[in-house]
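One structure below.
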Amino acid sequence: MEMKQLQYFVVSAEAGSLSKAAELLYTTQPHVSMTIQKLESSLGVPLLKRSKKGVVITKEGELVYEQVREILKSLQTIQDVKNLEKKEPLLVAAMPSSCFAGIFASFYAKAEGMQAGYWEGALDKVIHRTAHRQAQVGLVFISSHQKKASERLLKKMRLEFHLLRETKLALYVGPKSPYYEQKTIKKADLQKISLVQNMAEEIPSFYNLNSRHLKGEIPDGAKAVNGVLVNSAHAMKQLLLKTELGNISTGFDLCCDKKSRLHKLELEDCGADISCGYVRRADTEPGICTKQFLEFLEDKFAEMH
């Protein structure tokens, strides 16, 4: 017994004619007749009574018809779920990071016909979007100073955190910086450098900068640094390349761009550890596309040295 046999039988019974059923099924009348005969043979009972006027369902056929209709209905429901899964877009919320953005772009390049969305914002905004189903995955980095507060917030929002990698903060500078050739920098020297920071990165809360580098509150409540605050990765990169400004970011971030002329300096006496990972809803099983993205994400971080 094959699914095609059941389908051909139902269509023929409802059409009342093998020739009309053949038209609906985009095949020939002899093929429909032969397929239904195979079904009747396997069941050992006649399902349709044939005549020159068409076909009429038999008593045995009526019993089979009702069962087959339920089977085909269930099959369609399963197929609809499968199609919905294929169409489900991948929605990612992330803290500003060239590394996160690069991995997302690489995954999208390999995906076929995938609909996707990528949104950047501060840690609390990423958590909020993920908790409220505006994103399936939230890509974050959390400092050791933020850990306890973040754990409480994630528990409240019913989210779970998956660690990808532990890292340190680093200073990034361009060729105009007097520290360009150095490999490390001390806190005393760091305090002499004007910074360009992304508003959403919340780096000032990671690192206890000297108070003279904090110029007070700006309207949205973020701390302003002695230098430039931006919300654009493009602006930050241009400022680093063309000025003496530096940027404090996670230790794996800007260095992901191998063609960049930016140099990374380790912070010698910075005690802030950064946990890089992703958050997702604990009560929801991720879809196929989301699972594939998370596997890809974990593989990429495993490849980093």
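The values are calculated or read from the model by the stated rules, or taken from the named source; none is laboratory data. Predicted, not measured: the structure shown is a model, and the values here were computed from it. Ideal geometry is used to build each Cβ from the backbone, glycine not excepted, and the neighbour counts take in all protein chains shown.
Annotations for the structure displayed:
- When the range 12-48 is filtered for residues that are surrounded by fewer than 19 Cβ atoms within 10 Å (Cβ to Cβ) and among the hydrophobic types (A, V, I, L, M, F, W, C), the ones remaining, listed by number, are Ala15, Leu24, Leu25, Met34, Leu43, Val45.
- Among residues of the range 185-197 that are at negative phi, those with a Cβ under 6 angstrom from a residue that is among the polar types (S, T, N, Q) and not in a helix (DSSP H, G or I), sequence gap 6+ or separate chain, pair up as Gln191/Asn210; Ser194/Asn226; Val196/Asn247.
- Considering residues of the range 49-81 that are modelled with pLDDT of 85 or more and small (Gly, Ala, Ser) only, the residue surrounded by the fewest Cβ atoms within 10 Å (Cβ to Cβ): Ser51
- Selection status of Glu151, without any contact (Cβ under 8 Å) to a residue 40 or more places away in the chain, of a type outside the set (Ser, Thr, Tyr) and farther than 24 Å from Gly227 by Cα: yes
- First in the range 119-133 and touching a residue at least 60 places away in the same chain (Cβ under 8 Å), second anywhere and part of a helix (DSSP H, G or I), Cβ under 7 Å, 6 or more apart: Glu120/Ala200; Gly121/Ala200; Ala122/Ala200; Ile127/Leu153; Ile127/Leu154
- Scanning the range 102-131 for residues that are more than 11 Å from the chain's Cα centre (by Cα) and closer than 28 Å to His145 by Cα yields a count of 12.
- Matching residues in the range 88-124 - criterion: being assigned to a strand (DSSP E or B) and farther than 18 Å from Asn198 by Cβ: Leu90, Leu91, Ala116, Gly117
- Total residues in the range 1-46, condition in a loop (DSSP other than H, G, I, E, B) and in contact with a strand residue (DSSP E or B) (Cβ under 8 Å, 6 or more places away or on another chain): 2
- Lys125 assigned by TED's automatic domain parsing to the domain that holds Ala233, modelled with pLDDT of 90 or more and out of contact with any helix residue (DSSP H, G or I) (no Cβ under 6 Å at 6 or more places or on another chain): yes
- The set of residues from the range 242-270 being surrounded by fewer than 21 Cβ atoms within 10 Å (Cβ to Cβ), modelled with pLDDT under 85 and assigned to a helix (DSSP H, G or I) comprises Cys255, Cys256.
- The lone criterion from (1) surrounded by fewer than 17 Cβ atoms within 10 Å (Cβ to Cβ); (2) within 24 Å of Gln238 (Cα to Cα); (3) of a type outside the set (Val, Ile, Thr) left unmet by His162 is number (2).
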